[in-house]
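Colleague: Here it is: the structure, laid out below.
The values are calculated or read from the model by the stated rules, or taken from the named source; none is laboratory data. Everything numeric in this text was worked out from a predicted model, so none of it was measured. Reconstructed Cβ throughout: ideal geometry from the backbone, glycine too, with neighbour counts over all protein chains shown. All accessible areas refer to the heavy atoms of the entire protein, side chains included, with ligands and DNA or RNA removed. Shrake-Rupley method; radii C 1.70, N 1.55, O 1.52, S 1.80 Å.
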Amino acid sequence: MKEFFLSLKALIRKEILMVLKDKRSRIILVVPVLLQTILFGYVANFDLDQVDYAVLDEDHSKTSIDLLQKFRGSRIFNLTATLRNVKEIAPLLENKKATVVIHIGPDFERKLNLGEEAPVQVLADGRNSNIAGAATSYAENIIQSFAQELTEGVDTDDTFSSNAIPRVWYNPNLETRWSILSSLTFLLSMMQTLVISAQSVAREKESGSFDQLLVTPLSSVAVLLGKAVPAVLVGLVQSSIVLVIALLWFGIPFAGSILWFYLGLAMFDISVVGIGLWISAFCANMQQAMLYCFSVVLPMCLLSGFVTPVESMPLIFQKLVLFNPALYGIKFSRIVFLQGLTPAESFQCFWPMAVMGVVFFILAVIFFRAKLS
Amino acid sequence: MAGQINFVRFRSVIKKEFRQTFRDRSTLVIGILLPIILLVLFGYGMSFDIKHQSVLVVKEKPSPVTDEVFMAMKLTPYFTPRWSSSWQEAQKEFVAGKADGIVRVEQLGTLSNNVQIIVNGSDANTARLMEMYIRGAVLKGLSKGITVEGFKAEPASTGGITAISRIWFNPATESTYFMIPGVIVIILSIVGSMLTAMVIAREWERGTYETLISTEVSRFEIMISKVIPTFCLGIIGLTICLLACYFVFDVPIRGSLFWVLASSCLYLFISLCLGLTVSALTKSQFLSSQIVLVFTFLPTLIITDYMFDLKSAPLWAKVVSVFFPATWYVEMLASLFLVGNVRDLMIKDFAAMSIFAVILAFTATKYIKKTLE
């Protein structure tokens, strides 16, 4: 047993050297993570802070001017053009000169005074339906609150009031950045860890040194463990970079236990590396390893709940993603990082990662042995 | 040297590259299988809207208003409401992660209500949508609850200002309308740069580069011959996507098909040159695969205007996005699909992409050296 660990130690040392001996590899494992975290922290933002809008006021009445004044006073809306006729709307939206056009028809005030319905049109650029939806609902809110102000002055029959008090727990200002960065601690390291583990075997296969490794007294379990450890370490370092930036640069509070968080990270990295090694069993060269990794990592990333909620997926997908370690990783990061759940409460996300880590590793060992004999 | 093509020689080099590319079945995985996987994921699996979120409705004492709110929520596709007997109980369940939101209606007087809403901000985007939809459902339920009790409903507003929103180019806000063009961008980025990233580095690592440069083949010929087979593979992927748009997802192509193809070929060429440059610069398959992995997928997803709104990002992030060719291609493709031939945008985007193409083609040729240092 002692011999096993001694030789394993030597092997791990060799593997770490192989990954880190080249200065350029050290750079490529650290710098992109750093840059991406900062960039995504600022860009990946569903909060619409700025909406460019244009105005077409055919009424020019006091009411219409008052209404438009509300838009001008809003922090979000930013006037880019004032139109004179309906024909100007289409080219404006098509050329992305504005996201929203507010159109007030010619007899707006007259209709209002007659007690008729006085419509205000909100036209939006639907190329990105998310942004369009959010922008129109902001505009509608402004129009509605203006309408309310108007009627409140007239209508004394105010009998109905309801106060909605929304509260957002774990993220009081509802910043997308918080959820994105907490997820990135897991997700960013996933890609490169997977590729490192798959490539390290493929590289030896391609250069022919894998056979030499196999004729050493090391068992196939030890060989694969030697490949797994450096990749897991790289994953942990990368996650730490993201974590430090999230905490210190963006000032996101860490609610849970750091130790538990790292245990979860380690489990996650182990399961990812297990998949990587499993893939590498099928690969004869680095190109194959790369392509198969990518075909696996894309669905893992897209179906993890990072981009879209899991509950909205069709039922088949919801069943399929139960085998996706990234699903548990992201959930784990959210509940431990942002919500601060205790190990007992978050165990439901922890054990699947652990089980998958073990299972994929065993699968990798089995496949390697099968290929050898 | 560059620019000289001897056709007899060129034909045999091309033949060699084609054989080398298509001999390995893994290229078919990325050329055909990956587009299909992504189309299925984006077309069916991912939806930005929320569905089936579990919400606890607190019912401390029998109240018709609360019943109506519960029913109103049940009638939407967004929620699966459940009853909870007390405020404390509900919060406990919420903290344990068994529910995504809580609603509690407190009747202050006969006509005045306090509505408390709690949502989980650890997934900010879902939380935002949930809050919005819960408010809507509660308002609907409340106004109904009041008529049920025999009181007068909210003063029926005949007349007054109404906001009418129209989302242009995608009136039904079908998410596939902007997801599927995005898939094309992702596929061309990946297929283009991933395979080419390996080709020159592989020849370096295997030592066959020396053989290659000892022949009379010019740098330009090496570059073109490396590009063409992968280009064909990318075109296969593009064709699959376009066919799926037309036959499966009913995504309209309102602009001219010619420009869709032209811009796609140009972008594919950019990705190819990018991959080649990386490959020639690093001379290492491991490094170039890491670089390509880091700089294609997530940036395409996040930094371009595709998913998130760049207008809300800080200025420097907008500046960074200018240097990603995908930014321009996303804009051009989205407009061609959903709007039509918008001349000014097309000229701008196509010009920007052409600049990238020229610069990258030049650097790729430059770094493909015919010496061995």
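Colleague: So which residues in region A:1-42 are open to solvent by less than 20 Å² (accessible area, probe 1.4 Å) and either away from chain B (no Cβ under 14 Å) or not in a helix (DSSP H, G or I) (or both), if there are any at all?
Modeller: A:8, A:11, listed by residue number.
Colleague: Let me ask something additional. Report whether or not residue B:289 is polar (S, T, N, Q), open to solvent by less than 20 Å² (accessible area, probe 1.4 Å) and over 21 Å from the mean Cα position of the chain (by Cα). Write out each step before concluding.
Modeller: Numbers: polar (S, T, N, Q): yes; open to solvent by less than 20 Å² (accessible area, probe 1.4 Å): yes; over 21 Å from the mean Cα position of the chain (by Cα): yes.
For residue B:289, the condition - polar (S, T, N, Q), open to solvent by less than 20 Å² (accessible area, probe 1.4 Å) and over 21 Å from the mean Cα position of the chain (by Cα) - is met.
Colleague: Tell me whether region A:310-323 contains one or more residues that are in contact with a Lys or Arg (Cβ under 8 Å, 6 or more places away or on another chain) and within 14 Å of chain B (Cβ to nearest Cβ).
Modeller: The first filter runs over region A:310-323 and keeps only residues in contact with a Lys or Arg (Cβ under 8 Å, 6 or more places away or on another chain), leaving A:311-312.
With the extra rule that they be within 14 Å of chain B (Cβ to nearest Cβ), the set shrinks to A:311-312.
Checked against the condition, which is being in contact with a Lys or Arg (Cβ under 8 Å, 6 or more places away or on another chain) and within 14 Å of chain B (Cβ to nearest Cβ), region A:310-323 yields at least one hit.
Colleague: Return a yes/no flag: does region A:49-61 have any residue that is over 24 Å from residue B:316 (Cα atoms), among the aliphatic types (A, V, I, L, M) and open to solvent by 60 Å² or more (accessible area, probe 1.4 Å).
Modeller: Among the residues of region A:49-61, not one is over 24 Å from residue B:316 (Cα atoms), among the aliphatic types (A, V, I, L, M) and open to solvent by 60 Å² or more (accessible area, probe 1.4 Å), which makes the answer no.
Colleague: Does residue A:340 satisfy being more than 7 Å from chain B (Cβ to nearest Cβ), at positive phi and in contact (Cβ under 8 Å) with a residue 24 or more places away in the chain?
Modeller: So residue A:340 fits the description; yes.
Colleague: Right, here's the next one. Starting from region A:168-188, keep only residues that are at the interface with another protein chain (Cβ under 7 Å from one of its Cβ atoms), then list their pairs with residues that are of a type in the set (Phe, Trp, Tyr) and open to solvent by 10 Å² or more (accessible area, probe 1.4 Å) whose Cβ atoms are within a distance under 7 Å, requiring at least 6 positions of separation or different chains.
Modeller: A:171/A:178; A:176/A:46
Colleague: Moving to a separate point now. Among the residues in region A:128-144, are any acidic (Asp, Glu), at the interface with another protein chain (Cβ under 7 Å from one of its Cβ atoms) and under 14 Å from residue A:67 (Cβ atoms)?
Modeller: Scanning region A:128-144, I find at least one residue that is acidic (Asp, Glu), at the interface with another protein chain (Cβ under 7 Å from one of its Cβ atoms) and under 14 Å from residue A:67 (Cβ atoms), so the answer is yes.
Colleague: Here's a follow-up. Select the helices (runs of 4 or more DSSP H) contained entirely in region A:296-373, then report the ones holding at least 3 residues which are buried (at least 16 other Cβ atoms within 10 Å of the Cβ).
Modeller: A:325-333, A:343-372
Colleague: Out of region B:41-68, which residues are more than 7 Å from chain A (Cβ to nearest Cβ) and under 13 Å from the mean Cα position of the chain (by Cα)?
Modeller: Once the filter is applied, which keeps residues that are more than 7 Å from chain A (Cβ to nearest Cβ) and under 13 Å from the mean Cα position of the chain (by Cα), region B:41-68 yields B:42, B:43.
Colleague: From the list A:225, A:187, A:213, A:218, which one is among the hydrophobic types (A, V, I, L, M, F, W, C), touching a Ser or Thr at 6+ places or on another chain (Cβ under 8 Å) and more than 21 Å from residue A:298 (Cα to Cα)? Give the steps one after another, and end with the answer.
Modeller: Details: A:225 fails: touching a Ser or Thr at 6+ places or on another chain (Cβ under 8 Å); A:187 fails: more than 21 Å from residue A:298 (Cα to Cα); A:213 fails: touching a Ser or Thr at 6+ places or on another chain (Cβ under 8 Å).
Checking each option against the conditions leaves just A:218.
Colleague: Can you tell me which residue is farthest from residue A:92 (Cα to Cα) among those in region A:105-124 that are in a loop (DSSP other than H, G, I, E, B) and not small (Gly, Ala, Ser)?
Modeller: Ranking the candidates gives A:114 first.
Colleague: Then there is this: Of the residues B:99, B:72, only one is in a helix (DSSP H, G or I) and touching a residue at least 12 places away in the same chain (Cβ under 8 Å); which?
Modeller: Every option except B:72 fails the conditions.
Colleague: With the checklist (1) of a type outside the set (A, V, I, L, M, F, W, C); (2) outside any helix (DSSP H, G or I); (3) open to solvent by 30 Å² or more (accessible area, probe 1.4 Å) in hand, flag the one item residue B:116 doesn't pass.
Modeller: (3)
Colleague: Pairs only if they're at least six apart or on different chains, beta carbon under 8 angstrom, first in region A:269-286 and over 15 Å from residue A:223 (Cα atoms) and in contact (Cβ under 8 Å) with a residue 60 or more places away in the chain, second open to solvent by 10 Å² or more (accessible area, probe 1.4 Å) and assigned to a loop (DSSP other than H, G, I, E, B); list them, first residue then second.
Modeller: The qualifying pairs are A:285/B:24.
Colleague: Next up: Counting residues that are within 13 Å of another protein chain (Cβ to nearest Cβ), surrounded by fewer than 22 Cβ atoms within 10 Å (Cβ to Cβ) and modelled with pLDDT under 85, which helices (runs of 4 or more DSSP H) fully inside region B:147-261 reach at least 2?
Modeller: Once the helices (runs of 4 or more DSSP H) in region B:147-261 are filtered for at least 2 residues that are within 13 Å of another protein chain (Cβ to nearest Cβ), surrounded by fewer than 22 Cβ atoms within 10 Å (Cβ to Cβ) and modelled with pLDDT under 85, what remains is B:175-206.
Colleague: Now a separate question. Counting only residues that are acidic (Asp, Glu) and modelled with pLDDT under 85, how many does region B:94-119 have? Walk me through it before giving the result.
Modeller: Keep residues of region B:94-119 that are acidic (Asp, Glu), which gives B:100, B:106.
From what is left, the residues that are modelled with pLDDT under 85 are B:106.
So the count comes out to 1.
Colleague: Now a separate question. Residues A:262, A:292: which one is of a type outside the set (Lys, Arg) and within 14 Å of chain B (Cβ to nearest Cβ)?
Modeller: Of the residues listed, the single one that is of a type outside the set (Lys, Arg) and within 14 Å of chain B (Cβ to nearest Cβ) is A:292.
Colleague: Residues that are crowded, with 18+ Cβ neighbours inside 10 Å: list the helices (runs of 4 or more DSSP H) wholly contained in region A:166-266 that include at least 3 such residues.
Modeller: Passing ranges, in order: A:176-207, A:220-244.
Colleague: Identify the single condition in (1) part of a helix (DSSP H, G or I); (2) crowded, with 18+ Cβ neighbours inside 10 Å; (3) at the interface with chain A (Cβ under 8 Å from one of its Cβ atoms) that residue B:344 does not satisfy, given that it satisfies every other one.
Modeller: It is condition (2) that residue B:344 fails.
Colleague: Tally the residues that are aromatic (Phe, Trp, Tyr) and more than 25 Å from residue B:358 (Cα to Cα), restricting the search to region B:292-315.
Modeller: Qualifying residue count for the region: 1.
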